[in-house]
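Visitor: Mind having a look at this structure? Questions to follow.
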């Protein structure tokens with residue numbers, strides 16, 4: 001797999017991958033989960049931290065990162081279901097972490113939906129631990 005920065009020509013393939021990997025994106029009552037909107041927003045804010053994994057010319061994975069000067073965040077880690085378990089997700093995470101570290105980022109956070117309990121094991125293998133915090137949010 002080659003990891004590179006997202007390019008506008010990747011848009012349709014990324015949207016298709018996200019719709020397959022994140023079924024919650026189909027929830028019309030949550031417009032913030034519109035993958036096209038997510039891409040548009042990322043392209044306006046640190047687009048250099050939006051990465052795709054390419055295998056045999058096809059996009060098989062994604063990861064987005066952000067850094068606000070205090071801590072980094074990782075979003076939208078996705079790997080095509082048929083290719084999971086081969087290290088692609090770990091490689092994408094390591095790539096995002098390295099990009100954040102190069103910016104001087106001292107800590108990385110991520111969130112997973114509480115119903116996706118199986119994902120915790122994956123992230124724990126990569127060294128992530130649950131912080132004893134409550135995540136609050138407000139839609140603007």
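The values are calculated or read from the model by the stated rules, or taken from the named source; none is laboratory data. Being a predicted model, the structure only gives us computed values, none of them experimental. Because the Cβ atoms are built from the backbone with ideal geometry, glycine has one as well, and the counts that use them run over all protein chains shown.
Visitor: Name the pairs whose Cβ atoms lie under 7 Å apart, with the first residue in the range 116-140 and more than 17 Å from residue 73 (Cβ to Cβ), the second modelled with pLDDT under 85 and in a helix (DSSP H, G or I), and 6 or more positions between them or separate chains?
Guide: What qualifies is 139/32.
Visitor: Among the residues of the range 8-42, how many are in contact with a strand residue (DSSP E or B) (Cβ under 9 Å, 6 or more places away or on another chain) and in contact (Cβ under 8 Å) with a residue 24 or more places away in the chain? Walk me through how you get there before you give the answer.
Guide: Here is the first cut: in the range 8-42, the residues in contact with a strand residue (DSSP E or B) (Cβ under 9 Å, 6 or more places away or on another chain) are 10, 13-14, 16-18, 20-22, 35, 38-39, 42.
Applying the additional criterion that residues be in contact (Cβ under 8 Å) with a residue 24 or more places away in the chain yields 10, 13-14, 17-18, 20-22, 38-39, 42.
Final tally of qualifying residues: 11.
Visitor: Looking at residue 9 and the list (1) closer than 23 Å to residue 99 by Cβ; (2) loosely packed, with under 13 Cβ neighbours inside 10 Å; (3) at pLDDT below 95, which single condition is not satisfied?
Guide: (3)
Visitor: May I ask you to list the residues in the range 110-127 that are surrounded by fewer than 11 Cβ atoms within 10 Å (Cβ to Cβ) and in a helix (DSSP H, G or I)?
Guide: 118, 121, 125
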